[in-house]
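The values are calculated or read from the model by the stated rules, or taken from the named source; none is laboratory data. These figures come from a predicted structure and were not determined experimentally. In this analysis, Cβ positions are derived from the backbone assuming ideal geometry, glycine residues included, and neighbour counts consider all displayed protein chains. Side chains are part of the model used for accessible areas, which takes the heavy atoms of the whole protein and leaves out ligands, DNA and RNA. Shrake-Rupley method; radii C 1.70, N 1.55, O 1.52, S 1.80 Å.
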There are 2 protein chains.
Amino acid sequence: MNSILSQLNQILEQKYILIEEEDKAPYLTDWRKRYTGKALAVVLPRTTQEVAKIVQLCAANQIALVPQGGNTGFCGGATPDDSGEQIVLNLKRMNTIREIDVANQTITLEAGCILQTVQEKAAEQDFLFPLSLGAEGSCMIGGNLATNAGGTNVLRYGNTRDLCLGLEVVTAKGEIWNGLKGLRKDNTGYDLRDLFIGSEGTLGIITAAVMKLYPLPISQWTTLVATDSIASTIALLNLFQKRATSLLTGFEMMTQESLALNEKHFPRMANPLKGNPPYTVLIELSDHESEAHVRQLLETILEEAFGAGLMTDAVIANNLAQAKTFWHMREHITLAQAEEGANLKHDITIPLSALESFIQETDALIKAQYPGIRIINFGHLGDGNLHYNIAPPLDADHQAFNAAHEKPIYELIYSQVERCHGSISAEHGVGQLKLEGLRAHKGPVAHDIMKALKTALDPQNILNPHKVVSI
Amino acid sequence: MNSILSQLNQILEQKYILIEEEDKAPYLTDWRKRYTGKALAVVLPRTTQEVAKIVQLCAANQIALVPQGGNTGFCGGATPDDSGEQIVLNLKRMNTIREIDVANQTITLEAGCILQTVQEKAAEQDFLFPLSLGAEGSCMIGGNLATNAGGTNVLRYGNTRDLCLGLEVVTAKGEIWNGLKGLRKDNTGYDLRDLFIGSEGTLGIITAAVMKLYPLPISQWTTLVATDSIASTIALLNLFQKRATSLLTGFEMMTQESLALNEKHFPRMANPLKGNPPYTVLIELSDHESEAHVRQLLETILEEAFGAGLMTDAVIANNLAQAKTFWHMREHITLAQAEEGANLKHDITIPLSALESFIQETDALIKAQYPGIRIINFGHLGDGNLHYNIAPPLDADHQAFNAAHEKPIYELIYSQVERCHGSISAEHGVGQLKLEGLRAHKGPVAHDIMKALKTALDPQNILNPHKVVSI
């Protein structure tokens, strides 16, 4: 092992090879503190060539590498195992924005760029970089790509995958694939880009990317709308999709229970809609014409929705500050849950046409089996993405309850997801957390294809082994 | 071989196994009549299970299969070789629309559905299925997916890839992968969908798909705009992208030479812009609000463009019929070229920021080398996609000129494409036509990954061998 470290030292300065426990510690536990691993070293390369050399060294010595960005993942995908034989390869020093191409509306940047920085640099040139999620102050674009991150702008701009035009990747052999092209059309063979995106560092290490930029909207209007059923919430969504089409940039659903929890722990984040209705929907429109245009469009659609009986009440944000409060309300649900104690999180997608049946049946099954249990359901409804979370009964010991019931509750929810042809991981990925259930979820044919792909591209199994798929 | 045919007959009725030369002939020559192959048989399955059984039979006997849809491809991807040992598997009988899910805004359909039928069925339910291309009356959705077809709506809605949410695929083993999920978010492992899309039937046979639907626009305005340089044309595009954003659904560029050829062969398709300016741009806006809204937006942007000196003239279509004429003008360039005689077609993409330099340098190089040569350049400029076509000098024997110079002209153009980090196949794919040049274009690392993927998923090389990549 000393020989490996000394060979690493021929690639990187000593200070970029962390071997002391206290130096390594921040890289060895995941964001949610579910997993803590060990590592031979944490290495911090600055260039793609350094990454390639490190992979070559590891390939020659059959040492496993765990690629890591901002370490904000929810599924333990960037945490090493506990063997102490893996090397964590953190890309935070690769944080150069290589180019902003104004005419082509693209940005070429390295994997270690922090998402918020990318948003800011794009805005300086009057562009929107649409990817936006809770961890944007610390997550990195390489991790966003590796997990195909979602977030709040998917409804209009798609997942990270949809924002990417080209990649630079270091393969399991330590070769560099330069696929950094900023092209909207390129049908020259297999779609390697999308294969690496979402593969969580198990097929190659993404070191740089060309991403799409969009014109900055000049006006945004945010509103909270009260509805009394999932069916009318979906009809409301369909109405907004039809009338506002791509001006619709946010459609978030929050249940009464979610916002009651907010009010309990953060009284300033209480629902401004009278009586905290069964469902509160946050709707955002973004416009490139004028404030008057979008305001009028919003009011017209709300009138139509009211007339059609799809909604019972609405509050339009009077200014940007109030719009931000509405979004904070949405984001505070997760924090309120944390205040309430440990809970069981499920990041699922259901086709919109099956959503009402999913929620009704799953709610009923869970409540029948676990009296007093609390269902905190909210999410990016416009994408069919629910964060269907479960809190133990008020009087239960949370840790004990979760330990005893986590697995059967997962199984109950996931079997409902299967029944509705949904996904057990909408935007958080697989990592370690969902590795085990994946074969059953994907079916043997798809899972065998995944194994064949992993074996083809990483036959030594040195890139983030036992994440996503085991070979 | 008789044994194979009799085994096929246990899967399909005799009438769906074509073995007579005259019956097979329509399936053995490609659309552009560049390639003619032979086949042991042409088989016409009706169900996914039949496709699976046929593949199993071929896998057991190491017989190669060539999947085929409407047979409208431009690169010979669906034409068998001349061994007479391959079987053409045409999917036209698999033409059921399985479901239109209104709330989820998706359509589930089989590979043999004709594109135009899909557009019409969607429209009956008040939806737009945005994929649109010249061959839409005969091309099939399976072929669109297999080649990741582009067309005129890519600017707003993306390539076929971007319209697809889920697939059903028969693998090289004859297994069925049911990935028919209509989800906007699904991060459960490797992106198999995008791997099969664009693989031209070499990794699996796409038998069905879930595709996205969009609300039908209620008003469209089409205009022809005169510009005097590529630079101002791109500035005009950027202006429309900024002001009209997703209302911009068409931005097609036609050079003076292209439209002069139109006028020569189809006088009614002459350019209505005075004096046939250096560049004519067809711009289409589609709106979901009102006719008045989009008309005013278009006029405002044109005024701004005129004021900024980006354009010299414009004609707005007065009605839908005139708008269609503008589009016909664009489509007639290809027909005018055919009238003029054989020509050399190049389907390339260039990043917009490099487009002017590409055109100036390539035009100059070609004209210097081949005096009298004519460059017919037009295309989906909004995507950076040029159909940079070459017609021999007026007085030359076209066939002889093409035969003598095709290869060096390709090489000259493709080396310019490489210099500008473009693509040698924007939307037409690889097939047989571009197989040879692909390794050089992709680079050895990407090409080796493609070979590894093909070997992993089709180790016997029975799915459309020697298309896209040879192993």
For chain B, take the longest principal axis of its alpha carbons; what is the angle in degrees between that and the long axis of helix B:398-419, to the nearest 10 within 0 to 90?
80 degrees
Residues of segment A:277-318 that become at least 30 Å² less accessible with every protein chain present than in their own chain isolated, using 1.4 Å: which are they?
A:HIS288, A:GLU289, A:HIS293
Label position 7 Å from Cα toward Cβ: report the copy-to-copy distances for A:SER290 in nm, one decimal, ordered from shortest.
1.4
Accessible surface of the protein assembly as shown, 1.4 Å probe, proportion on carbon and sulfur as whole %
51 percent
Which distances, in nm and shortest first, link the A:GLN56 label point to the same label point in every other copy, taking 7 Å along Cα→Cβ?
4.8
What do you get for trypsin sites (Lys or Arg not before Pro) in segment A:224-282 restricted to DSSP loop and a cutoff of at most 11 other Cβ within 10 Å of the site's Cβ?
A:LYS274
Please express the Cα-Cα pair-distance distribution P(r) of segment B:84-207 as a list of whole percents, one per 10 Å bin, running from 0 to the bin with the greatest distance.
13, 46, 34, 7, 1
Past the 14 angstrom mark, what percentage of all C-alpha to C-alpha distances in segment A:181-220 do you count?
62 percent
Relative contact order of chain B: what whole-number percent is it, with Cα pairs under 8 angstrom and at least 6 residues apart?
15 percent
Sequence gap at least 6, Cα distance under 8 Å: using those rules, report the relative contact order of segment B:112-225 to the nearest whole percent.
30 percent
From other protein chains only, count the Cβ atoms within 10 Å of every residue's Cβ in A:445-455, then give the mean.
6
I need the semi-axes of the equivalent ellipsoid of segment A:232-310: take the C-alpha gyration tensor, multiply each eigenvalue by 5, square-root it, list largest first in whole angstrom.
25, 15, 11
Counting each DSSP H run of 4 or more residues in the protein assembly as shown as -39500 (n - 2.57), what helix-only mean residue ellipticity at 222 nm follows after dividing by all residues, to the nearest 500 deg cm²/dmol?
-11000 deg cm²/dmol
Considering all projection directions equally, how large on average is the shadow of the alpha-carbon convex hull of segment B:354-422, in square nanometres?
4.5 nm²
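Could you report segment A:261-320's accessible area per residue, 1.4 Å probe, as an integer in Å²?
Per-residue value: 51 Å².
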Neighbour cut-off at most 14 other Cβ (10 Å), DSSP loop, trypsin sites (Lys or Arg not before Pro), segment A:408-471:
none
Inter-copy separations for A:ASN461, label at 7 Å along Cα-Cβ, nm, ascending:
3.0
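What whole-number value in cubic angstrom gives the convex hull volume per residue for the C-alpha atoms of segment A:179-313?
Values: hull volume 26.3 nm³, N = 135.
Considering the Cα atoms of segment A:179-313, their hull volume per residue is 194 Å³.
Just the number, please: buried accessible area between B and A, total of both chains, 1.4 angstrom probe, nearest 100 square angstrom.
The contact between A and B buries close to 6500 Å².
Just to confirm, what accessible area per residue do you get for segment B:326-471 at 1.4 Å probe, in whole Å²?
On the way: 5260 Å² over 146 residues.
Computed with neighbouring chains in place, this is 36 Å² per residue.
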Just want to confirm a number: the relative contact order over segment A:409-471, from Cα pairs under 8 angstrom separated by 6+ residues, in percent.
37 percent
Taking a probe of 1.4 Å, how large is the accessible area per residue of segment A:1-116, in Å²?
43 Å²
Within 10 Å of each Cβ in peptide A:242-248, how many partner chain Cβ atoms are there on average? Round it to a whole number, please.
5
Only loop residues by DSSP count here, and only those with at most 10 other Cβ atoms within 10 Å; note down the trypsin sites (Lys or Arg not before Pro) in segment B:16-67 that meet that.
B:LYS33
Expressed in µm² per second, the diffusion coefficient of the protein assembly as shown from the Stokes-Einstein equation, with Rh the Kirkwood radius over alpha carbon pairs, at 25 °C and 0.890 mPa s, is 84 µm²/s
What's the angle, to the nearest 10 degrees (0 to 90), between helix B:291-307's Cα axis and the longest principal axis of chain B?
60 degrees
All-pairs Cα distance distribution in chain A, expressed in whole percent, bin size 10 Å:
4, 19, 28, 26, 17, 5, 1, 0
One quarter of the convex hull surface, Cα atoms only: what value does that give for segment A:311-446 in nm²?
10.3 nm²
For segment A:1-137, what D do you get in µm² per second when you plug the Kirkwood radius from alpha-carbon pairs into Stokes-Einstein at 4 °C and 1.567 mPa s?
80 µm²/s
What is the distance in Å between the Cα centroid of segment A:3-62 and that of segment B:83-154?
49 Å
